[in-house]
Amino acid sequence: MTTSSTIKLNSGYEMPIVGFGCWKVTNETAADQIYNAIKTGYRLFDGAQDYGNEKEVGEGINRAIKDGLVKREELFITSKLWNNFHDPKNVELALDKTLSDLNLEYLDLFLIHFPIAFKFVPIEEKYPPGFYCGDGNNFHYENVPLLDTWKALEKLVQKGKIRSIGISNFTGALIYDLIRGATIKPSVLQIEHHPYLQQPKLIEYVQKQNIAITAYSSFGPQSFLELESKRALDTPTLFEHKTIKSIAEKHGKTPAQVLLRWATQRNIAVIPKSNNPARLAQNLSVVDFDLSKEDIQEISALDIGVRFNDPWDWDNIPIFV
Ligand code: NAD
């Protein structure tokens, strides 16, 4: 099986199947990293208001456009609406902040980052607010049903500020319900997805709905080691896992490429992040070889249901219970 290097979204637009993830890319390095990633061939950039680096990401993008490396329409730029901006009256305000930080006229994709509404925090007070809800370290929530936030996003599509809209960290029941009320169906669901957390039924349901899936944290615990997550420290690295290593050796590829191909071969987009030039290039070439049926079955057996990104850890927020 070969895979095309883009996924056709239900909005009619094409999304590259491999992109560059902007989480934890520092403000000092972001502009150059994005510029270099574009030079290496990346066209999809997965950002978010919460990553606190949209100005620098935009600087890298605009420098590359100005230098003639790419045209805006060849890029696919994603951002995510942060939890404090779910109230319909704040959604456009938040999008406008992202567009002005990125210095772009439209987004290719805007996702609801989490199905969680925090209390609104004015941009002048703290941006991005992160876990701040206007009161020190205390969490405060807003009574905003997800469909209301979704309807506000639909209006911004009609206004031409966003091409496609989607969701992130949503589970089956929420998606099932959202589709009941949506006028524009979500184009993309972005979820944590790696051999230790596979969620095959969610993927089957969502793909059958013609909603594309983007996997984040494809390398499992790796990304969360930087955050000193105990769960990540207690979980064996996938790069050294004997199953992944032996499949990689058999194909003459790296374990990282096997982990990414395992997703792309099932038409799931990936958005790995690296600031190392060799890895940057290696992560991009993950559609030009095929894993065998047996390889895929062996990887399926590694599922242990371990989730590294869980709002239960923030304030016992039960989105994945
Ligand atoms: P990731 O799985 O891409 O892992 C990144 C880590 O792997 C880094 O430590 C990097 O140095 C290392 N790495 C990258 N390529 C490698 C290679 N070829 N060989 C060895 N090591 C390599 O982690 P991530 O950043 O958690 O996820 C990717 C992107 O997904 C993020 O940047 C972000 O855009 C998105 N994301 C979204 C959400 C969400 O809630 N929607 C949550 C987490 C991440």
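The values are calculated or read from the model by the stated rules, or taken from the named source; none is laboratory data. Small disclaimer: the values here were computed from a predicted structure and weren't measured. For neighbour counting, all protein chains shown are included, and Cβ atoms are generated from backbone atoms with ideal geometry for every residue, glycine included.
Below, the figures for the structure above:
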| quantity | calculated |
| --- | --- |
| Pairs with Cβ under 8 Å, 6+ apart, first in region 102-120 and closer than 14 Å to G130 by Cα, second within 14 Å of the ligand (Cβ to nearest atom) and in a strand (DSSP E or B) | H113/K80; H113/L81; H113/S168; F114/S168 |
| Residue in region 252-298 that is modelled with the lowest pLDDT, counting only those that are of a type in the set (D, E, K, R), surrounded by 19 or more Cβ atoms within 10 Å (Cβ to Cβ) and within 22 Å of the chain's Cα centre (by Cα) | K273 |
| Region 176-196: number of residues that are of a type in the set (A, V, I, L, M) and more than 12 Å from the ligand (Cβ to nearest atom) | 4 |
| Unmet requirement for F139, which otherwise passes all of (1) part of a loop (DSSP other than H, G, I, E, B); (2) within 28 Å of R72 (Cβ to Cβ); (3) of a type in the set (F, W, Y) | (2) |
| Options N84, N90: the member that is in contact with a Cys (Cβ under 9 Å, 6 or more places away or on another chain) and not in a loop (DSSP other than H, G, I, E, B) | N84 |
| A248 vs. criteria assigned to a helix (DSSP H, G or I), small (G, A, S), over 30 Å from K185 (Cα atoms) and more than 9 Å from the ligand (Cβ to nearest atom) | yes |
| Region 305-321, residues that are over 21 Å from the mean Cα position of the chain (by Cα) and surrounded by 12 or more Cβ atoms within 10 Å (Cβ to Cβ) | D315 |
| Single match in S217, S246, S285 (criterion: hydroxyl-bearing (S, T, Y), on the phi > 0 side of the Ramachandran plot and in contact with a helix residue (DSSP H, G or I) (Cβ under 9 Å, 6 or more places away or on another chain)) | S217 |
| Residue within region 69-83 that is without any contact (Cβ under 8 Å) to a residue 12 or more places away in the chain and not hydroxyl-bearing (S, T, Y) present | yes |
| Flag if L291 is under 19 Å from S217 (Cβ atoms) and either away from the ligand (no atom under 12 Å from the Cβ) or hydrophobic (A, V, I, L, M, F, W, C) (or both) | no |
| Count of residues meeting criterion [outside any helix (DSSP H, G or I) and either touching a strand residue (DSSP E or B) at 6+ places or on another chain (Cβ under 6 Å) or not acidic (D, E) (or both)] in region 251-293 | 21 |
| Whichever residue in region 116-141 is hydroxyl-bearing (S, T, Y) and either at pLDDT below 95 or out of contact with any Gly (no Cβ under 9 Å at 6 or more places or on another chain) (or both) and, among such residues, is surrounded by the most Cβ atoms within 10 Å (Cβ to Cβ) | Y132 |
| Positions within region 226-245 being more than 12 Å from the ligand (Cβ to nearest atom), assigned to a helix (DSSP H, G or I) and touching a residue at least 24 places away in the same chain (Cβ under 8 Å), in sequence order | R231, T243 |
| Which listed residue, of E59, E54, is within 30 Å of E124 (Cβ to Cβ), away from the ligand (no atom under 15 Å from the Cβ) and touching a residue at least 40 places away in the same chain (Cβ under 8 Å) | E59 |
| Residues being crowded, with 19+ Cβ neighbours inside 10 Å and over 17 Å from I319 (Cα atoms) - total across region 167-197 | 6 |
